[in-house]
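The values are calculated or read from the model by the stated rules, or taken from the named source; none is laboratory data. Values in this document were obtained by computation on a predicted structure and should not be read as measured data. Don't worry about glycine lacking a Cβ; one is built from the backbone with ideal geometry, like all the others, and counts go over all protein chains shown.
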Amino acid sequence: MKAHVIAVEEDGIILVDHKALPVAHRLPEGVRVLHWHDGAGWLEYADGRLNVPLTEAEYATLVAPLVTTWDAERARQEAQAARRPTLADTKAAKRAEIAVGHDAALAGVVAISDPTPTVVAVEAALLATTDPTGLDYARQKLAARRAELEAQVESAQTVEAVTTVVVSYPV
């Protein structure tokens, strides 16, 4: 028997021993909230009727099924959290990290002091005008590094190998 159980059907929430989980459940007709604390409880009605007390004898029929449903959802969430990421998921996350790193490095090349989108656009235009060879060289170096990192990710055969790829760019 759990010490504390609160179930709110309209919110799809069950709290067991102060831990709330989103769990679809049904309460008796007209009941808004079921409360259970330290061996006793009550049903709170949505229509303004007075609360109806619950006793330990009613725990098995009204409270225990809610706890069972809550336990199943908690086990499902724990299993999902413990699931090892797949190689494909890990590679996708690393590819995204590589892309973000590339974009940040490019922004840093053209607008070292203030890499906001506006400053980057203005500084890139100025650099392209005043030093097109330098900008092109920087873009090529960053693109080459990005390709090198992506190749490392693609050739990795395990999750561990993907996680060892360090995303860094010369800036």
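Annotations for the structure displayed:
- Within region 1-53, the residues that satisfy the criterion of being without any contact (Cβ under 8 Å) to a residue 40 or more places away in the chain and of a type in the set (Val, Ile, Thr) are 6, 8, 13, 31, 33, 52.
- Some residue of region 123-138 being at pLDDT 75 or above, under 13 Å from residue 171 (Cα atoms) and in a helix (DSSP H, G or I): yes
- Failed condition for residue 170, given (1) surrounded by 13 or more Cβ atoms within 10 Å (Cβ to Cβ); (2) modelled with pLDDT of 70 or more; (3) farther than 30 Å from residue 13 by Cα; (4) touching a helix residue (DSSP H, G or I) at 6+ places or on another chain (Cβ under 7 Å): (1)
- Counted residues, region 36-64 - those being among the β-branched types (Val, Ile, Thr) and surrounded by 15 or more Cβ atoms within 10 Å (Cβ to Cβ): 1
- Total residues in region 32-47 satisfying the condition of being part of a strand (DSSP E or B) and more than 16 Å from residue 15 (Cα to Cα): the figure is 1.
- Condition met for residue 156 (surrounded by fewer than 17 Cβ atoms within 10 Å (Cβ to Cβ) and at pLDDT 90 or above): no
- Counting the residues of region 1-31 that are touching a strand residue (DSSP E or B) at 6+ places or on another chain (Cβ under 7 Å), assigned to a strand (DSSP E or B) and exposed (fewer than 11 other Cβ atoms within 10 Å of the Cβ) gives 1.
- Unique residue being modelled with pLDDT of 95 or more, of a type in the set (Asp, Glu) and closer than 29 Å to residue 144 by Cβ when the list is 97, 73: 97
- Conditions (1) more than 30 Å from residue 162 (Cβ to Cβ); (2) surrounded by fewer than 17 Cβ atoms within 10 Å (Cβ to Cβ); number of the one not met by residue 67: (2)
- Selection status of residue 50, part of a loop (DSSP other than H, G, I, E, B) and either in the same structural domain as residue 20 (by TED's automatic domain parsing) or among the hydroxyl-bearing types (Ser, Thr, Tyr) (or both): yes
- Meets criteria (in contact with a Gly (Cβ under 6 Å, 6 or more places away or on another chain) and of a type in the set (A, V, I, L, M, F, W, C)) for residue 54: yes
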